[in-house]
Amino acid sequence: MNRADGAGPVALVGSGEFLEVMVPVDAELLAGRPQRAVFLPTASAEEGPERVRYWTDLATAHYASMGVAPVPLEVLDREDADSSELASQLAGAGLVYLSGGNPGYLANTLAGTAVWQAILQAWRSGAALAGCSAGACALSRLADDFRRPGRYSGEGLAVVPQLVVLPHFDRFEQWMPGLADRMMARTPPDATLIGIDEETALVADGDGFTVRGNKSVWRIDRDGTRLEFRPGEQLTVAATAPR
C-alpha cells in the first residue's frame, strides 16, 4: 500500500455498505479505534439529492445501531472537497468510509483537495479507511465511469496502487459482459486486477490482504485465469513502491 508506519487498515468492499451483513467487517475495522465513523456519499452526488440522502440516512442508522458516532460528510463537488470546515471533521475519526456510485466522479472530486489530504492524514494516523463499490475502485489504481469510459482521467486515488478493483464481481459481468477483459487491458503491468464479490471485503493491514465477509475475492491473471480466495484466506500480490 501507499502507506506510512502507523497507518490503519484499508477495506475494499464489493457491495453491502451500511447493511447488517457488513457489521462484522465494520466492527473489525473499528476495533481499538475511536468509535467515530465519517462517511462520504460523494460517489452518488451525480444521482441527485435523494440518492445522497439515502446513503447518509442508511449510514447514520447503521453506525448508530453499532454504538458508533455517525458523521455524514456531504462532499458533493470539488468546492466542497476544498472546504477547510468539512476537512476538519475528519479529525478524530476511527473509520472513514467512501460509499458507492461513480468511481471516476469520486476520484476526480477528491484528488488533491483539502478533504482528501485530511482523509489521508486520518488514515496515516491510524484510522481505518474503507471504500465500497465505487469507493473500492477509487482507492485502487484505476477509477473510471464504467458506463462511459474515458469521461474521467481513469486515475484512482491509489491508496492501494498495486490493485485494480472490479466490485460486485459475482454480478458485474451479467450487467456488462466482457468488462473484466477490458479492465485487464487497462491494468498497468505492475498492478493486479481483482474481483470482489458482493457482501465481501478485501482488508489490507500491514503487508497482507485478507478476505472478509460472505463470498470470495478473485485474482484475475493476464492469461485469463481466475484464482478464488475465500473468507479468511490471504491474497498475495506483487508489491508496488509507494509514490
Checklist entry - Considering the dipole of segment 10-235 built from charges on the beta carbon (Lys and Arg +1, Asp and Glu -1) around the Cα centre, which of Thr109, Ala31, Val160 is farthest to its positive end? => result Val160
Item to check | 37 °C / 0.692 mPa s Stokes-Einstein diffusion coefficient of segment 51-95, Kirkwood radius on C-alpha pairs, µm²/s | outcome: 284 µm²/s
Next on the checklist: Which one, Trp55, Leu120, Val96, is farthest towards the positive end of the dipole of the chain when Lys and Arg carry +1 and Asp and Glu -1 on their Cβ?
Outcome noted: Leu120
Checklist entry - 222 nm [θ] for the chain, helices only, -39500 (n - 2.57) per DSSP H run of 4+, per residue, to 500? => result -8500 deg cm²/dmol
Checklist entry - What order do you get for 196-205, 62-71 when each peptide is scored by the mean count of other beta carbon atoms within 10 Å, highest first? => result 196-205, 62-71
Next on the checklist: Give me the percent relative contact order of segment 60-117, please, defined on Cα pairs under 8 angstrom at least 6 residues apart.
Outcome noted: 38 percent
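If the only charges are +1 at each Lys and Arg Cβ and -1 at each Asp and Glu Cβ, what is the size of the charge dipole of segment 134-219 around the Cα centre, to the nearest 20 debye? Walk me through the numbers on the way to the answer.
Details: 10 positive and 12 negative charges, 51 e Å.
With only Lys, Arg, Asp and Glu charged at Cβ, the dipole is about 240 debye.
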Checklist entry - Cα-based Rg (one decimal) and Dmax (whole number) for the chain, in Å? => result 16.2, 48
Checklist entry - Hey, got the dipole for the chain? About the Cα centre, +1 on K and R Cβ, -1 on D and E Cβ, debye to the nearest 20? => result 380 debye
Checklist entry - With each pseudo-label sitting 7 Å past Cα toward Cβ, what's the Gln234-Asp205 distance in nm, one decimal? => result 1.2 nm
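Across all directions of projection, what mean area in square nanometres is found for the Cα convex hull of segment 1-88?
6.9 nm²
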Checklist entry - Once both labels are modelled 7 Å past Cα along the beta-carbon direction, what's the Asp190-Glu46 spacing in nm? => result 2.9 nm
Checklist outcome for this item: Ranked output for segments 13-21, 228-236, 94-102 by mean other Cβ atoms within 10 Å, highest leading, reads 94-102, 13-21, 228-236
Next on the checklist: Tell me the relative contact order for the chain as a rounded percent, counting alpha carbon contacts under 8 Å between residues six or more apart.
Outcome noted: 23 percent
Checklist entry - Which residue, chosen from Pro189, Met22, Leu235, occupies the Cα position most advanced towards the positive end of the dipole of the chain, where the dipole is computed from +1 (Lys, Arg) and -1 (Asp, Glu) charges on Cβ about the Cα centre? => result Pro189
Next on the checklist: If I model a spin label as a point 7 Å beyond the Cα along the Cα-Cβ vector, how far apart are those points for Arg124 and Arg226 in nm?
Outcome noted: 3.8 nm
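Bear in mind these aren't lab numbers, they're just calculated from the coordinates by the rules spelled out. All figures in this text were calculated on a predicted structure; none of them were measured in a lab. Glycine gets a Cβ as well: all are built from the backbone with ideal geometry, and neighbour counts include every protein chain shown.
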